[in-house]
1. May I ask you to say which residue of Lys167, Lys186, Lys251 is farther than 27 Å from Gln270 by Cβ, without any contact (Cβ under 8 Å) to a residue 24 or more places away in the chain and of a type in the set (Lys, Arg)?
2. Can you work out which of the residues in the stretch 235-286 that are charged (D, E, K, R) and outside any loop (DSSP other than H, G, I, E, B) is nearest to Ser301 (Cα to Cα)?
3. Out of contact with any strand residue (DSSP E or B) (no Cβ under 7 Å at 6 or more places or on another chain) and farther than 24 Å from Met188 by Cα: is that true of Ser170 in this structure?
4. Please go through the stretch 312-348 and give me each residue that is more than 16 Å from Asn253 (Cα to Cα), modelled with pLDDT of 75 or more and of a type in the set (Ser, Thr, Tyr), ordered by number.
5. What are the residue pairs meeting all of these: first residue in the stretch 132-159, first residue crowded, with 19+ Cβ neighbours inside 10 Å, second residue among the charged types (D, E, K, R) and part of a loop (DSSP other than H, G, I, E, B), Cβ atoms under 7 Å, and 6 or more apart or on different chains?
6. Tell me, which residue of the stretch 85-96 that is aliphatic (A, V, I, L, M) and modelled with pLDDT of 95 or more is farthest from Gln28 (Cα to Cα)?
7. Just give me the residues in the stretch 68-96 being surrounded by fewer than 19 Cβ atoms within 10 Å (Cβ to Cβ), among the aliphatic types (A, V, I, L, M) and without any contact (Cβ under 8 Å) to a residue 60 or more places away in the chain, in sequence order.
8. Can we say Ile299 is under 16 Å from Ser236 (Cα atoms), assigned to a loop (DSSP other than H, G, I, E, B) and under 28 Å from the mean Cα position of the chain (by Cα)?
Amino acid sequence: MKRLLIYIVSLLILLSCSEKEVNRYTIQGNGIKEGTVFLYGSDESHKEISSTRSNGNFTISVTLNKAATFTLLLPDGKIIPLYAEPGITATLLPDSIIKSGWSVKGGATQALHDSISRVIDATPDIAGQKKTIEDFISKYPISEVNTELFRRYLIDIPDPDNEYLRKTISKLGGTLQDHRYFATVKKMLDKRTGNVRHRMFPSFRYTTNDNRTVNLGTYSDKYLLVNIWATWHQESYDKIKELRDIRNGVKSNNFAILNISLDSDTATWQNAVLNDSIIGDNVFDTKGMNSEVLETFNITSLPYSILVTPYKRILEYGLTLDSLTTVLIDSLTQKHDMRNQKKKNNKR
């Protein structure tokens with residue numbers, strides 16, 4: 001009987017130790033700068049900061065009951081995102097492709113993060129990086145890795161594109177959109193730009209290049225594409241010349257174009273409109289870069305386009321003339337028409 005009790009106690013101790021091992025995450029590394037290594041969690045359940053002195057190598061362990069994200073801060077200031085999993089011993093390794101100079105071996109989510117980081121960091125142009133991130137979101141819409149991709153490549157950069165951020169976040173899976181990080185980002189974006197979709201388009205009164213007066217009432221019962229541009233901005237000048245193809249391709253007959261110039265010189269604008277036969281109603285905003293429309297939509301770059309419904313509400317904004325196609329415009333107007341028809345039918 002005594003032997004049986006000793007066996008049971010020994011077994012319980014062994015199981016207890018085994019459980020503690022399973023519920024721990026360990027990160028280790030060598031070849032780093034001498035100093036203090038810090039490890040801190042990004043969620044409420046891991047508030048405490050762990051640290052250790054390093055003489056070129058280090059080991060830090062934390063108790064972990066489920067997968068969690070951490071940040072590793074090295075003595076040289078390099079920041080390494082960690083996707084920790086219980087029972088994993090991960091190793092920090094030199095990596096010449098990732099910009100931080102380090103990758104981490106250990107854990108499936110970590111491997112996913114490091115593999116996509118290598119692709120993005122090896123892509124020299126911003127457009128290519130954005131395309132890679134969009135493809136990743138399409139394949140992994142609820143992956144925690146998205147939080148780090150957004151932070152590093154789309155948010156913590158000079159002059160982040162607020163409207164692009166808003167649209168890209170909307171492509172994430174619903175559970176990830178509710179993540180504390182993205183909830184905070186969306187609040188930040190609302191403060192910066194305000195979500196003006198479905199609001200009334202601001203009233204205006206302009207004189208066209210052929211001396212007609214136009215206002216919101218001029219475009220009653222029409223979808224109105226408003227384009228903000230300037231002759232001094234070469235990209236917007238080049239794109240505004242391509243509007244004829246868009247106008248000719250749109251299926252709806254209830255469609256009009258209003259081009260608002262932010263030029264400082266009336267003669268230059270008049271000549272450009274005349275010489276290049278720019279299609280649509282062309283108007284000149286005398287306030288230029290102090291235009292109220294810039295403030296309303298927080299416009300920081302040209303060209304910029306807004307699609308307005310026949311009821312003068314903003315259907316879509318933050319469009320670029322690069323993204324504008326007849327297919328996009330037809331799709332937006334048809335969806336809007338279908339929603340309105342459905343509302344009318346429900347009232348009957």
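1. When all the criteria are applied, what remains is Lys186.
2. Filtering first and then ranking leaves Glu235.
3. no
4. If the condition is that a residue be more than 16 Å from Asn253 (Cα to Cα), modelled with pLDDT of 75 or more and of a type in the set (Ser, Thr, Tyr), then Tyr317 is the only one that fits.
5. Ile137/Lys171
6. If we take residues in the stretch 85-96 being aliphatic (A, V, I, L, M) and modelled with pLDDT of 95 or more, then Leu93 is farthest from Gln28 (Cα to Cα).
7. Within the stretch 68-96, Leu73, Ile79 meet the criteria.
8. yes
The values are calculated or read from the model by the stated rules, or taken from the named source; none is laboratory data. Remember, it's a predicted structure, so these values are computed and weren't measured experimentally. Cβ sites come from the backbone with ideal geometry, for glycine too, and all protein chains shown count toward neighbours.
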